[in-house]
Every structure is written in C-alpha cells, then in structure tokens.
Amino acid sequence: MFYFTARGYKISLVISWIAALMLIFTYHRTFIQYFKSEILQISHSKNNVSFLGSYGSNVSHISEKDFEINQIFNTINNSITSVPFTHFNLTSSAKKSRATIFHYGQQYCNGDSLTVRVDMFNYLGQRKTYGGDFLTARIYSTDLGAAASGRVEDFNNGSYNIHFILSWEGNVKISIILYHPSEGVSALWRARNAGYKNIIFIGNFLYKSQEIETFCGFNFESQEDKCVYADKRDGEFFYCIKPPNVPCEALISMRSQNLNHSYLTTSEKSIINRSNIGVGIPIDPESIAVTKCQRNITDVKPKCRIGMNIPYPSGYFLNNLWHSNFCNLSSYEPLSHIDECLTGKLIYLMGDSTLRQWIEYFQKHMKSLKFFNLPALGAHKKHLALDMDRNIYIQWKRHGHPFVSSSYSVKDCAYIAREIDALPGNSNTIIVITLGLHFRAFPVHVFIRRLINVRRAIERIFLRSPETKVIVKFENSRDMNTYSERVSDFHGYIQYLIFKDIFKRLNVGVIDAWEMTIAFASYNLHPPETVIRNQINMFLSYIC
C-alpha cells in the first residue's frame, strides 16, 4: 500500500513539475517575443529617431551587441539638445554672441590654464536659454607655428566655458567658432538617422563579358530580387538589386552617387547654408601675452606607450611639431630614425584615404621603400610597399562598405574585423585603423556596429598574440563647403566621441587626428603633409 502511494505521489510530483516548466517556458517565450518586438520598434521621441528597427529585417534576435549599440546610441542621443526650428532669427548668432576671458589682465604663464566664457545670443539679440551649439575652439601663434584646441564645457543654458592650456610663450590669439547653432545640430542629427537616401551605390556586374549596373546600398524598400552580401557573424548586411539572370557573385566594382535628396525642411536648410557655417564669435581682446615665468617645473612625462590614458587637449603644435601633454614625445623629425624603427616590421594600415596618405608619406621619405604595383581598379586599390633589405612590409587596404568614392573593385577588400581575424599577429605586427569619414552620410548605428566588430576582432588578436601592437587614428576635420547635411564636421565630432568610448578600455595607441586638425585649422578632407608627418611621429613614438 505504501509502495503505490509513494509511486503515485512521485508521478503527481513529476506531472506538477512538467506543468510548471511548461508554464514558465510559455511565459518566458511570450515575454522574450514581446521584449524583442519592443526593442526592435524602439522610437526615441526626443529626436524622433528609430534605431534598431532601422537596420532592416536582418536582426533576427536581440544580441548583446544590439544592446550595446542601443546603449551607445541612447547616450549620444540624450546628449544632443533637441530643439524645434521655428524661425531663423531665433537661432544662435555668432556675431551677436560674445566671448569673455576669465580674470583678464592677470599674468599668463607658460603651463597655465585659460578659460573663456561664451554667452550665446540669437539674431534678435536675445540671450539663448539652452545649449547644444556645436563650437570649435583653438589658440594659436602663427609666427611660432603654434596651435592647440580647447575643451568645450556646455552648461546647457546658453553659456559655455572653453578651457585651454597655455603651452608656449608669446602673443597667443584665441579663436572660437560657431560651427552650427543648436537648432542646426538638432536638425542634422534627426536627418542623419532618418534613412539612407543621401547616397546610393552603383554596383557593376560582369557576366559572360557583359557589364550590367544596378543599385546597391544598406536598405531597400524595393520588392525586386536582391543580392545579399552578408557577414552574418558580425551582423553586417549590404544589398544590390539583382540583375536578371546574373549571379550575385558577378559583382566586380562599386561607385557611389550623391542623391538629390534631403531630410531637412526648406527652413532648416537655411541654417546650414555655407554663410552660416563656421562663423567666428567676437572676443575682446583677441589675444593675450604668455610669458615664461619663474616656476619650478618638475613634471617629467613618461615615454609614450600603448594603452596610456589620453586627456583633452592631449597636445599642441610648436614650430609645426606636435608635442604631447601626457607623454614624452620626441620632437625629432620622423625621418631621422624611421628606417631603423620600422626594420623587420609588418605594418597593416586599414581604413580610408587619410590613412593611405601614410603609406604615400612612407614611400616618399624612405628611399629604399618601393611600391609593388598591384593590378586593380583606381586609387583605392590595395597599396603595398616593401623594403627587401630591411624586411619592411607596409600595406594599406580600404575598409568595407560604405566607401563613398568613384569606381573601385569589391574583390580586394573586406571588413576590417575580418582582415584582423586573418592575421596571426606577433611582436613585429602593427595594425593601424581609422574609420569615420565615409560613414557620416549614413545612420549612426552603422558606424557603431562597425566599431564594435573591430573592437571584438582586436580583442581576439590580443588573445592569440598579446604582443601585437594596435594603433587607432581618429578621423579628422574636413572642409565646410560641401554637402553639410551629409558630411558636416558635427557628424565627425559625434563619431569621434563614439570611437573614443568604444575603444577606451583597449590596450591600443591613440592618434587624435581630430584634435590635431582642429588645432591646425586644417579644414581639408586630406590634411596637409605637416599634419601627416606629426601623426606618423606619434605613431613611431608608440612602436620604437
């Protein structure tokens, strides 16, 4: 009797457990489906920006990476002042605004800090009551070849403090520029994340000696058959409308085309008219005198090394040479020891044409370094330079989609994460990465995803080869004259902040090209040789 009672009890207990597990599973599945649906349809009402859902229908599950992308996006989104455009006269006016030097008239010594207060006014002369203006600031002495950028502190009430470090003696001029008013910033941010219609790509297919062109891009509403070029592991997707009776593998080259399209209203476009971009804010006086002063300066900076924390500002120009604020950066010309430093090194430059400038600089100034002529299409083909006597190998390859340019081959490049995965790594392997300029015209989550994928690839190579050296070069400022909605330096600045955030915990060297070009006032897509020389000098300081 007891046996059957115990056995019945056990059966009842098992049935109860099974029922409970089924109930938990049903609830869990319902919750996850609901949660996934909610995440995929997140709409940030602050700037009316859709995020994860805007990546198309490719996100089949919510991964750790998706949450990180969303978190980074939210952080940036919440930091950008959202203000509606009502009338041009109510926007920030550089000429009506004013800048004041704190404690003007005191003695200014080399090494001191300098703070400038900026108060913003609109075109009607009314004081602004909210922040979010995109300001750039620098101090400079043209005759000394000296310059440094300033750190902008936004109080979100129409006032700003600009912080400088006085790093040289002499007459120092101050420049504070209103690049975009907060109303323009808000409009540009909303427009950037509204979609993909700023630029389209034209894919060239070659099949049975016949060339066919078709549209390509990140997102298509068309119901036509598509070729899907996917890196499913990393969640990277790119599409081309499939030509009839042509295999997707026949795609050989790509070029970009700017579309006559805007996500801005007609009124908003007036804010980013060229005459309203990069206008100086009056400051009286425009300069101060900095003297040496008699002080005991005992601060000895350590040798530059990979993995150091980088302050802002991180350095300054003097005699057109970049000097670091955080490490002992040799001021010698890079040419002095470059051959010795690079002997036996395998250097992989991965990114855009601002990094291609490096390999061109190397070849120009290292007489024994010779280009190996690789047959391919256009200037954006892979570049390879060799020094057989010193066993130096330098390679440049462009990054994967998007690459905004004239025609280039799609057969000789891959996403940077995959390029890094293909390298075994060792103490003589050096990887240099830059990303940014080609991403400005697309929703920012494309850029965030790419950087996370690159970071993870770097973490993988460090696992198999901790001695591999990795240097990241941030993107630089560019000209103000073209396509502000697509390529404004505001977009570049946001990407600069994202790049720093995603890579801040990695043991990598940093070359702050953004700070260098702002300080140098290099409003050029391809910075001048002086800037490139100093970037390479910083690079050498990390590896020599």
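The values are calculated or read from the model by the stated rules, or taken from the named source; none is laboratory data. Since this is a predicted model, take the numbers as computed values, not measurements. Cβ placement follows ideal geometry from the backbone for every residue including glycine, while neighbour counts extend to all protein chains displayed. Just so you know, the surface numbers come from the protein's heavy atoms only, side chains and all, with ligands and any DNA or RNA stripped out. Shrake-Rupley method; radii C 1.70, N 1.55, O 1.52, S 1.80 Å.
Based on this model, can you work out whether LYS96 counts as of a type in the set (D, E, K, R), free of Cβ contacts under 8 Å to residues at least 60 places away in the same chain and open to solvent by less than 10 Å² (accessible area, probe 1.4 Å)?
No: the conditions fail for LYS96.
Condition first: of a type in the set (Gly, Ala, Ser), part of a strand (DSSP E or B), within 29 Å of LEU90 (Cβ to Cβ) and in contact with a Ser or Thr (Cβ under 9 Å, 6 or more places away or on another chain). Now tell me which residues in the stretch 156-207 satisfy that.
Matches in the stretch 156-207: SER175 only.
Let's see how each residue does on (1) under 16 Å from the mean Cα position of the chain (by Cα); (2) aromatic (Phe, Trp, Tyr); (3) buried (at least 21 other Cβ atoms within 10 Å of the Cβ):
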{"site": "TYR361", "(1), (2), (3)": "no, yes, no"}
{"site": "HIS365", "(1), (2), (3)": "no, no, no"}
{"site": "ALA379", "(1), (2), (3)": "no, no, no"}
{"site": "ASN391", "(1), (2), (3)": "no, no, no"}
{"site": "GLN395", "(1), (2), (3)": "no, no, no"}
{"site": "TYR415", "(1), (2), (3)": "yes, yes, no"}
{"site": "SER427", "(1), (2), (3)": "no, no, no"}
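Modelled with pLDDT of 95 or more and either over 18 Å from MET516 (Cβ atoms) or among the hydroxyl-bearing types (Ser, Thr, Tyr) (or both), is that true of GLY150?
no
Kindly check whether there is at least one residue in the stretch 433-446 that is among the hydroxyl-bearing types (Ser, Thr, Tyr), open to solvent by 30 Å² or more (accessible area, probe 1.4 Å) and in a loop (DSSP other than H, G, I, E, B).
No, the stretch 433-446 contains no residue that is among the hydroxyl-bearing types (Ser, Thr, Tyr), open to solvent by 30 Å² or more (accessible area, probe 1.4 Å) and in a loop (DSSP other than H, G, I, E, B).
When you look at LYS301, is it exposed (fewer than 14 other Cβ atoms within 10 Å of the Cβ) and touching an Asp or Glu at 6+ places or on another chain (Cβ under 6 Å), yes or no?
Here the answer is no, as LYS301 does not meet what is asked.
Can you tell me which residues in the stretch 501-523 are assigned to a helix (DSSP H, G or I), open to solvent by 30 Å² or more (accessible area, probe 1.4 Å) and closer than 18 Å to ARG138 by Cβ?
PHE520
Write out, first by first residue and then by second, each pair whose Cβ atoms fall under 8 Å of each other, whose residues are 6+ apart or on separate chains, and whose first residue, in the stretch 113-136, is open to solvent by 40 Å² or more (accessible area, probe 1.4 Å) while the second is hydroxyl-bearing (Ser, Thr, Tyr).
If the second residue must be hydroxyl-bearing (Ser, Thr, Tyr), the pairs left are ARG117/THR100; ARG117/SER159; ARG117/TYR160; TYR123/THR91; TYR123/SER93; TYR130/THR81; TYR130/SER182.
Confirm whether ASP389 is acidic (Asp, Glu) and at pLDDT 90 or above.
Spelling it out, ASP389 is indeed acidic (Asp, Glu) and at pLDDT 90 or above.
Those residues that are in contact (Cβ under 8 Å) with a residue 60 or more places away in the chain and assigned to a loop (DSSP other than H, G, I, E, B), I need them from the stretch 524-544; list them, please.
LEU525, HIS526, PRO527, CYS544
When you check ILE283 against the structure, is it at pLDDT 95 or above, touching a strand residue (DSSP E or B) at 6+ places or on another chain (Cβ under 6 Å) and crowded, with 18+ Cβ neighbours inside 10 Å, yes or no?
yes
Quick one: which of ALA414, ALA379 is in a loop (DSSP other than H, G, I, E, B), of a type in the set (Gly, Ala, Ser), within 30 Å of ASN193 (Cβ to Cβ) and free of Cβ contacts under 8 Å to residues at least 40 places away in the same chain?
So the residue among ALA414, ALA379 that is in a loop (DSSP other than H, G, I, E, B), of a type in the set (Gly, Ala, Ser), within 30 Å of ASN193 (Cβ to Cβ) and free of Cβ contacts under 8 Å to residues at least 40 places away in the same chain is ALA414.
Of the conditions (1) open to solvent by less than 10 Å² (accessible area, probe 1.4 Å); (2) closer than 23 Å to ALA187 by Cα, SER275 satisfies every one except a single condition; which number is it?
That leaves (1) as the condition not met.
For the stretch 326-334, does any single residue satisfy the condition of being more than 20 Å from LEU437 (Cβ to Cβ), modelled with pLDDT of 95 or more and open to solvent by 50 Å² or more (accessible area, probe 1.4 Å)?
no
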